[in-house]
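J.: First the structure, which I've put down as structure tokens, then a few questions once you've had a look.
The values are calculated or read from the model by the stated rules, or taken from the named source; none is laboratory data. A quick note: this is a predicted structure, and the numbers were derived from the prediction, not measured. Here the Cβ positions follow ideal geometry from the backbone for every residue, glycine too, while neighbour counts run over all protein chains shown. Ligands, DNA and RNA are stripped out before the accessible areas are found, and what is left, the full protein with its side chains, is counted by its heavy atoms. Shrake-Rupley method; radii C 1.70, N 1.55, O 1.52, S 1.80 Å.
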Amino acid sequence: MLRLFHTADWHLGHSLHGVSRQPEHRRFLDWLLLELQNQQADALIVAGDIFDSANPSASAQTQLYDFLVQAKTAQPALDIVLIGGNHDSASRLDAPSSLLNALGVSVVGGLTRGEDGIDWNRLIVPLTNAAGETEAWCGAMPFLRNADLPPGESGDEPLIAGVKSLYAQLLGELQARATQGENLILTGHCYMVNGRVSELSERKILGGNQHALPVDLFSEDIAYVALGHLHLAQQVGANGHIRYSGSPIPLSFDESQYPHQVVQVDMKAGRPPATAALKIPRSVELLRIPNGKDFAALEDALAQLERMDFDAGLPREQRPFVELRIKLEKPEPGLRQQVEDVIAKLPVRLLKISTAYGGGDKSLADAKIEERLEELQPLDVFQRCYRNKFDQEVPAGMNALFNELLENRKEKP
């Protein structure tokens, strides 16, 4: 039997409204180290977005490399596979690959091409059980950028056809190696048709959501598909062998309403894989007041906050993060001071005050929600500028070109 752990979207180096998430990531990685040992895992796949940006801080890189050393020291036979996501720099991930390969860690930041085409060998990783026997072959496909796709595809949408072509070639390479009936595993960092998105995982990749990939991209010959990109853990399709593990911590207040997990996959030759969700303990709570998408009057929101039962003994780095969503009838110059006077008495950390101006008897649906520039994605800014200039929505093709330009720009150091 092969026991595999599937995780993704770590986003090391992430900050939420200016507050570093490094302590939460440290606790997650410590928990993961123990779970790998306690569950006697044979392999670990991290399906992209290891870092939060293409130029991660030194401390974020240190977190990753410290984890890899500790994991391999505790379990020398553990197979580890890392792939690049749309937030990662392929070249930065691949730079230490020779050193990491010597440690027993396989890294595929992006596709590389030589005179004979794509180097498929570096994407193919044998996964071994506790006895050292190869139980599965993993095709470590990273996030695919437009430049990775073969030219001249026809039939379906060319971009989707190009992705299908690459996966078909990788599957062929895997099948050529699985001569003893070993299981086949694929990875991906992409948006699948009908995938449920959350706030930070809505970044338009592969040309935008109009290019969501179909389930038939993965044939029935594949025992398990380990996906990254969507932060909400979910299965794709009916049979459950195509899965997003989700992110290990909530990366926004919108993502605090559901549990976060690592997927444990048990595989035996000739049998469907058995999966189990390992719930990740949350070291810092994210509290939105009022809960959900509602807004409340300032007095009501503060009263709700004061009624809550907080642990006064928590160290500061473990105190809950708070977002207050306040509905105003008119601007309130003293709003922040009123809020901070209450917060100062409570063992919480105020991260954000969201305001919606409704005025009079207007419903929330009519209210204008105030947004700060740093909360907008580049595509949001581009679309607003286009609407202001031309008084119409951005054509889909132009959105796709903007996304391609943005992704290509991220690859530059």
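J.: Considering every residue within the stretch 324-337, establish whether at least one is part of a strand (DSSP E or B) and open to solvent by 20 Å² or more (accessible area, probe 1.4 Å).
T.: There is at least one residue in the stretch 324-337 that is part of a strand (DSSP E or B) and open to solvent by 20 Å² or more (accessible area, probe 1.4 Å).
J.: Still on this structure, please answer the following. Could you list all residues from the stretch 61-94 that are open to solvent by 30 Å² or more (accessible area, probe 1.4 Å), under 22 Å from the mean Cα position of the chain (by Cα) and not charged (D, E, K, R)?
T.: Matches in the stretch 61-94: Q61, T62, Y65, S91.
J.: So the check is Cβ under 6 Å with 6+ separation or different chains; which pairs have a first residue in the stretch 244-269 that's among the β-branched types (V, I, T) and a second one that's in a loop (DSSP other than H, G, I, E, B)?
T.: Pairs found: V263/S245; V265/P273.
J.: A further question follows. Could you list, in sequence order, the residues of the stretch 28-40 that are touching a strand residue (DSSP E or B) at 6+ places or on another chain (Cβ under 7 Å) and open to solvent by 10 Å² or more (accessible area, probe 1.4 Å)?
T.: Correct list: E35, Q39, Q40.
J.: Continuing with this model, one more query. Go over the candidates R113, R145, R122 one by one and state the one that is in contact with an Asp or Glu (Cβ under 6 Å, 6 or more places away or on another chain) and among the charged types (D, E, K, R).
T.: On inspection, the qualifying residue turns out to be R145.
J.: If you don't mind, there's one more thing I want to ask. Might you let me know whether the stretch 8-27 holds any residue that is in a helix (DSSP H, G or I), open to solvent by 20 Å² or more (accessible area, probe 1.4 Å) and farther than 17 Å from P248 by Cα?
T.: no
J.: Pairs needed: first member in the stretch 15-40, farther than 19 Å from L286 by Cβ; second member anywhere, open to solvent by 70 Å² or more (accessible area, probe 1.4 Å) and modelled with pLDDT of 95 or more; C-beta distance under 6 Å; at least 6 residues apart or different chains.
T.: Sorted first by the residue in the stretch 15-40, then by its partner, the pairs are L33/Q70.
J.: Among what's in the stretch 314-323 and is in contact with a strand residue (DSSP E or B) (Cβ under 8 Å, 6 or more places away or on another chain) and either assigned to a loop (DSSP other than H, G, I, E, B) or free of Cβ contacts under 8 Å to residues at least 24 places away in the same chain (or both), pick the residue that is farthest from K293 (Cα to Cα).
T.: R319
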